[in-house]
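The values are calculated or read from the model by the stated rules, or taken from the named source; none is laboratory data. Predicted model only: the values in this text are computed from it and were never measured. Reconstructed Cβ throughout: ideal geometry from the backbone, glycine too, with neighbour counts over all protein chains shown. The area values use the complete protein model at the heavy-atom level, side chains included, leaving out ligands, DNA and RNA. Shrake-Rupley method; radii C 1.70, N 1.55, O 1.52, S 1.80 Å.
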Amino acid sequence: MALQMSALFSHVRALPCATGLPSRVRADFQRAAVKFGHIVAPGSFQLGGKPATSPVRGHINAAFRAEKFSTTAAALWKSSQGSGSFLTRGRRGWLGKVALGAALGVSTVALVRSLHTGTLAAMAFKVNLNSTGGDWKETKDFLLSLSVKDRRQYYKVSGFVPLDKIPPWTPTAGGSEPSRYQRNEKLDRKISLYRGDITKLEIDAIVNAANKTLLGGGGVDGAIHHAAGPLLKKECASLHGCETGEAKITCSYGLPAKYVIHTVGPIAQGGVGEEERKALRLCYKNSLKKATENAARTVAFPCISTGIYGYPPKQAVHEALATVREYLDEHHDKLDRVIFCVFLPKDEELYLQNLPLYFPAGQEQKSVFPRC
Ligand code: AR6
């Protein structure tokens, strides 16, 4: 508990608007500091200082998860509300309020309970995922600061699918074709084939097969925007589009996934050449790169370009599997699971046929090179 309190106080110190506190609230803080002086590092409780960063949120969340702090200060909390000047604006507002509540000794259990019933969180920050009027930056900061469990109350989709309901694919012996890659045991349990709606997956990131505007469309793109709510489009608009083969990342708002990675596949209605093949590979590679850059360890892909953009699924499956295999060979320590999320039974069949070529079983492995 000492550690958690110390973290909490040091982060209260870090809250940027703390310098603007009214003297009454400042005094409350100082009283709280004295009260917890025996567990707070000397000199760690000062007002003013560095800007709030995500570790601030992390520590506050960590503090929430602790069993309890001490006594009550609800009245002080209420009075600071009345003063109307404690971090009332901006994305740090709710953080400050939560930090104040905790720092002043509201039991963590009470804090958690009030967060769940929406009292404290709702007082501090109104989350409205159905309105275009909301501030996407504040909402994003708020949602990304929550644990998966706390975020569940904001899902707009029903029947979410957690990772433990998506079994890893077990390498099996290849069919008639020889395996194209050597076996790599480090990749065991890192691949899944899942047939269903990608918008339901409660994982770190889902990939969207978007278009260059990033402003939504049909197919999986339409499903993702519909389920995420209008703030997704607002954040996407701030990204100024995306070129074919590139990838950009956003918050997922009402979706169970934490992030959406938007990529733009090649349009292949006139046939597939080297350019389209390379572009499709880039979609997978750049999406995985975006995931690892953002510490997203579980990622799901739809069958990019194989719907409205007309890339033949029988060819696309090889580009998808080869690119993921090569990326995982190099970065297996940064990813826990890559899920091929297919929607159509014929795509599931294609992946079942081809997975053993890229993720072969040890004993059954065959060489890609002809024997002399
Ligand atoms: N979950 C998983 N996969 C899905 C879902 C879903 N909810 N819905 C469709 N799919 P497409 P594209 C599969 O057409 O070919 C949009 O208008 C679908 O069965 O969504 O890259 C964009 O804005 C198919 O296998 O994407 C672009 O303009 C795969 O998702 C354009 O379509 C991709 O089909 C992009 O076309």
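Computed values, structure above
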item: Charge sum, other residues only, whose C-beta stays under 12 Å from Glu319's C-beta, Lys/Arg counted +1 and Asp/Glu -1; result: +3
item: Share of carbon and sulfur in the accessible heavy-atom surface of region 155-358 [1.4 Å probe, %]; result: 51 percent
item: Entries of Lys200/Lys346; Lys126/Lys200; Lys156/Lys314; Lys165/Lys285; Lys234/Lys314 with Cα pairs more than 30 Å apart; result: Lys156/Lys314; Lys234/Lys314
item: For region 153-281, size of Cβ-based charge dipole, Lys and Arg +1, Asp and Glu -1, in debye; result: 200 debye
item: Around Thr306: net Lys/Arg minus Asp/Glu count, Cβ-Cβ under 11 Å; result: 0
item: For Val161, residues with placed amide H under 5 Å, excluding near neighbours; result: Leu201, Glu202
item: Difference of contour (0.36 nm per residue) and Cα-Cα distance, Asp329 to Glu293; result: 11.3 nm
item: Accessible-area ranking of Thr213, Thr132, Thr306, largest first, probe 1.4 Å; result: Thr132, Thr213, Thr306
item: Whole-number Å³ per residue for the convex hull built on Cα positions in region 130-289; result: 148 Å³
item: For region 266-275, Karplus couplings with θ = phi - 60° (6.51, -1.76, 1.60), whole Hz, Gly/Pro x; result: x, 8, 10, 5, x, x, 10, x, 4, 4
item: Probe 1.4 Å, all protein chains present, accessible-area order of Asp336, Asp164, largest first; result: Asp164, Asp336
item: Table column - 3J(HN,Hα) (Hz), region 257-264, Karplus curve with 6.51, -1.76, 1.60, x for Gly and Pro; result: 6, 7, 10, 10, 9, 9, 10, 10
item: At R0 = 22 Å, FRET efficiency that the Cβ-Cβ distance of Lys126 and Phe160 yields, to 0.05; result: 0.45
item: Charge sum, other residues only, whose C-beta stays under 10 Å from Pro256's C-beta, Lys/Arg counted +1 and Asp/Glu -1; result: +4
item: Rounded to the nearest 10 Å², the accessible area of Tyr154 at probe 1.4 Å; result: 40 Å²
item: Most to least accessible of Leu129, Leu282 (protein chains only, probe 1.4 Å); result: Leu282, Leu129
